[in-house]
Amino acid sequence: MTLGQRLHRLMRSFLGLPLWVQAWMTVLIGTNLAAFWMLDTAVGFWTAVALVVMMAFNGPMMVVQAGMTRLLSIPHFVWLPLAVYILYRLFGPEPIDRDSAEFGYAVAVLAVNGISLAFDVYESYRWLRGDREVLGVEA
C-alpha cells in the first residue's frame, strides 16, 4: 500500500467512526492543541510537551496501520503524569491563581484528558485482548 493509499484509508477510518467519537476527538485534540497558545504558562508548556510525545507515537502508528485502531489509546497514558502535575499546580502549596487563564486551561485539560483516560483504559484493554481491527473501515 502506498503512502497516499494509507493516508486515504486513514481519513476513511476517521470519517467512518461514529459522529460522537469524531466530535470527542475534535474536543480532545483542540483542548490539547490550545497549549501552544499557553506556552508562557507552566501548564501550557507541559501540556504541549505531553501532546508532542503522544503525537510522536500516534502519528506514525496511524500511517503504518492505515487507520485508527485501539492501539492509539496506549500513548494517551502520557496524560497520567500530566494530570498529576496539573493537580499539584491546582491544589499544591503554591496553587495557580484562580482568576488566571492558566487556571481555566488547567481545569479544562484535566477534565478532557481525564475523560480520555477513562476511554483509553477500556480501549487499551480491548487491544491487548486482540481487538485490533482498523476502526471505521469495513473489512
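The values are calculated or read from the model by the stated rules, or taken from the named source; none is laboratory data. Treat the numbers as computed from the prediction; the structure is a model and nothing was measured. All Cβ positions, glycine included, derive from the backbone under ideal geometry; neighbour counts span all protein chains shown.
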Working carefully through the options Trp24, Trp127, find the one that is surrounded by 15 or more Cβ atoms within 10 Å (Cβ to Cβ), within 13 Å of the chain's Cα centre (by Cα) and either of a type in the set (Phe, Trp, Tyr) or at pLDDT below 95 (or both).
Trp24
Could you figure out which of (1) part of a loop (DSSP other than H, G, I, E, B); (2) modelled with pLDDT under 95 isn't true of Leu7?
(1)
Starting from residues that are free of Cβ contacts under 8 Å to residues at least 60 places away in the same chain and under 18 Å from Leu128 (Cβ atoms), keep the ones in segment 62-77 and report whichever is nearest to the chain's Cα centre (by Cα).
His76
Criterion first (more than 16 Å from Ala106 (Cβ to Cβ) and touching a strand residue (DSSP E or B) at 6+ places or on another chain (Cβ under 8 Å)) does Leu17 satisfy it?
yes
Within the bounds of segment 54-70, is there any residue that is surrounded by 15 or more Cβ atoms within 10 Å (Cβ to Cβ), touching a Lys or Arg at 6+ places or on another chain (Cβ under 7 Å) and in a helix (DSSP H, G or I)?
yes
